[in-house]
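Reading through the structure tokens given below for one structure.
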């Protein structure tokens, strides 16, 4: 299984990385009607963060969800890249001095340390808006109906916006330093359902919309995404405490920032048990897809067992 997963992640990760570089480069240099090419500083700063590595989990989930429905992953590559752009924009903004104030991301200096805070903010803004441009183009490429195109944009916006990822980040900031266990647990559930799981779920559902999945299958993928999203964040919290900082490529700032995390409330072993339960739930959610969901089963186990 591990060898098959490694091959799956490697081939799709390379495809995503190549497409990300190509999309930003072409759109950065080639004007479109009524618009000039983007400033070189924008192109460089956007590419710097996009090409810094990472697991490419969200774009791979877009492709895997489409493949569950028999649509080739290559057919949804623009939306896959769009989800990675949204994720990257969130990391750029998370690292800013006004937020987590981190100097390292994936073993490299963070965007604001290289380009300055103003350009980093604008690079994030540029990635977010380009993501919606790409998703709309992908819908047109596949001749989706107007209704399905609107639904694709709605799913992505809901997962990344104030009721999704952005709302989770706001709740994360508000929860810093909370001492009441009851209030901290309530905050923690909200934070991770939104900050991490919402965009993962949106990635899966976006792939399903593009592949014209029925409502029942979209619901199954949403529930799977919610489960692996929570597992992902629990493991992330654990690694921030006990992981190899060289492998992680960041110093780990949860304790320093007095963050509300799973290990803080449940301990390391309790958190690991919670992650295992969410992973088991994720596997059960995939029953409607039978053998076509095999890569999603692999990815659920990968989320649980990763060390970076």
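The values are calculated or read from the model by the stated rules, or taken from the named source; none is laboratory data. The structure displayed is predicted, hence computed values, not measured ones. Cβ placement follows ideal geometry from the backbone for every residue including glycine, while neighbour counts extend to all protein chains displayed.
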Might you check whether a residue that is within 27 Å of residue 137 (Cβ to Cβ), in contact with a helix residue (DSSP H, G or I) (Cβ under 8 Å, 6 or more places away or on another chain) and outside any helix (DSSP H, G or I) occurs anywhere in segment 218-228? no
Report, by residue number, each residue of segment 222-242 that is more than 15 Å from the chain's Cα centre (by Cα) and farther than 16 Å from residue 264 by Cα. 223
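Report yes if some residue within segment 196-210 is over 17 Å from residue 66 (Cα atoms) and not in a helix (DSSP H, G or I); otherwise report no.
For segment 196-210, residues over 17 Å from residue 66 (Cα atoms) and not in a helix (DSSP H, G or I): present.
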Among the numbered criteria (1) more than 14 Å from the chain's Cα centre (by Cα); (2) buried (at least 17 other Cβ atoms within 10 Å of the Cβ), which single criterion is violated by residue 85? (1)
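Answer yes if at least one residue in segment 65-72 is in contact with a helix residue (DSSP H, G or I) (Cβ under 8 Å, 6 or more places away or on another chain) and within 26 Å of residue 108 (Cα to Cα), and no otherwise. Break it down stepwise before answering.
The initial filter retains those residues of segment 65-72 that are in contact with a helix residue (DSSP H, G or I) (Cβ under 8 Å, 6 or more places away or on another chain), namely 65-72.
This time we only want the ones that are within 26 Å of residue 108 (Cα to Cα), so: none.
Checked segment 65-72: no residue is in contact with a helix residue (DSSP H, G or I) (Cβ under 8 Å, 6 or more places away or on another chain) and within 26 Å of residue 108 (Cα to Cα).
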When segment 113-141 is checked residue by residue, the ones that are more than 21 Å from residue 25 (Cα to Cα) and in contact with a helix residue (DSSP H, G or I) (Cβ under 6 Å, 6 or more places away or on another chain) are 139
Of (1) in contact (Cβ under 8 Å) with a residue 60 or more places away in the chain; (2) surrounded by 21 or more Cβ atoms within 10 Å (Cβ to Cβ); (3) closer than 18 Å to residue 237 by Cβ, residue 296 fails just (3)
In segment 97-193, which helices (runs of 4 or more DSSP H) lie fully inside it and hold 1 or more residues that are within 26 Å of residue 207 (Cβ to Cβ) and under 17 Å from the mean Cα position of the chain (by Cα)? 117-141, 146-160, 165-175
Among the numbered criteria (1) at pLDDT 95 or above; (2) surrounded by 17 or more Cβ atoms within 10 Å (Cβ to Cβ), which one does residue 147 miss? (2)
Those residues that are surrounded by fewer than 17 Cβ atoms within 10 Å (Cβ to Cβ) and closer than 16 Å to residue 193 by Cβ, I need them from segment 260-273; list them, please. 265
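Of the residues 125, 95, which single one is surrounded by 20 or more Cβ atoms within 10 Å (Cβ to Cβ), in contact (Cβ under 8 Å) with a residue 12 or more places away in the chain and farther than 20 Å from residue 15 by Cα?
The unique qualifying residue is 95.
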Go through segment 26-46 residue by residue and tally those that are over 22 Å from the mean Cα position of the chain (by Cα) and within 23 Å of residue 121 (Cβ to Cβ). 10
Every residue in segment 161-190 that is crowded, with 22+ Cβ neighbours inside 10 Å and either farther than 24 Å from residue 300 by Cα or at pLDDT below 90 (or both), please. 172, 188
Cβ pairs under 8 Å, 6+ apart or interchain, first in segment 141-167 and under 18 Å from residue 226 (Cβ atoms), second at pLDDT 95 or above and in a loop (DSSP other than H, G, I, E, B), ordered by first then second residue, are 158/164; 167/161
